[in-house]
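The values are calculated or read from the model by the stated rules, or taken from the named source; none is laboratory data. Computed from a prediction, not measured in an experiment: that's the story for all the values here. Virtual Cβ from ideal backbone geometry, glycine too; neighbours counted across all protein chains shown.
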Amino acid sequence: MVARIWHGRVPTSKAKQYRDFVNARAIPDYKSVNGNLDVYILEREEGKITHFITLTFWENYEVIKSFAGDDIETPKYYPEDKDFLLEFEEKVVHYKVTGQSSGLIK
């Protein structure tokens, strides 16, 4: 199993709208890919900036390619992101999952 982690920053004034967008558009897109095991959106307000982390779990790297393309370190952005994000980070990070305690991910 592989964890894929993306980070983005939005103005706190737009955080609710971005959260709504992510839940309506991005999560269903992730979940539509055969081999996506789960999606979590993490959010932390820091004054005028709100950080979002998208944490997804995948069966393997090949499955991620079917979602992200051949260069799996390149983030997948949506056209609507330009209305929210303060910048477009160039890379996501991947971690091989080597332990699990709770069974949240099946």
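Within the stretch 1-19, the residues that satisfy the criterion of being under 11 Å from Phe52 (Cβ atoms) and small (Gly, Ala, Ser) are Gly8, Ala15. Filtered by the rule that a residue be without any contact (Cβ under 8 Å) to a residue 40 or more places away in the chain, over 20 Å from Ala15 (Cβ atoms) and among the hydrophobic types (A, V, I, L, M, F, W, C), the stretch 30-62 gives a lone residue, Val33.
Filtered by the rule that a residue be in contact (Cβ under 8 Å) with a residue 60 or more places away in the chain and either part of a helix (DSSP H, G or I) or surrounded by fewer than 16 Cβ atoms within 10 Å (Cβ to Cβ) (or both), the stretch 10-21 gives Pro11, Lys14, Gln17, Tyr18, Phe21. Scanning the stretch 71-106 for residues that are of a type outside the set (A, V, I, L, M), modelled with pLDDT under 95 and more than 25 Å from Tyr18 (Cα to Cα) returns Thr98, Gly99, Gln100, Ser101, Ser102, Gly103, Lys106.
Among the conditions (1) in a loop (DSSP other than H, G, I, E, B); (2) surrounded by 10 or more Cβ atoms within 10 Å (Cβ to Cβ); (3) touching a helix residue (DSSP H, G or I) at 6+ places or on another chain (Cβ under 8 Å), Glu73 misses just one, which is (3). Count of the stretch 44-70 residues, restricted to those that are surrounded by 13 or more Cβ atoms within 10 Å (Cβ to Cβ) and more than 19 Å from Asn34 (Cα to Cα), is 5.
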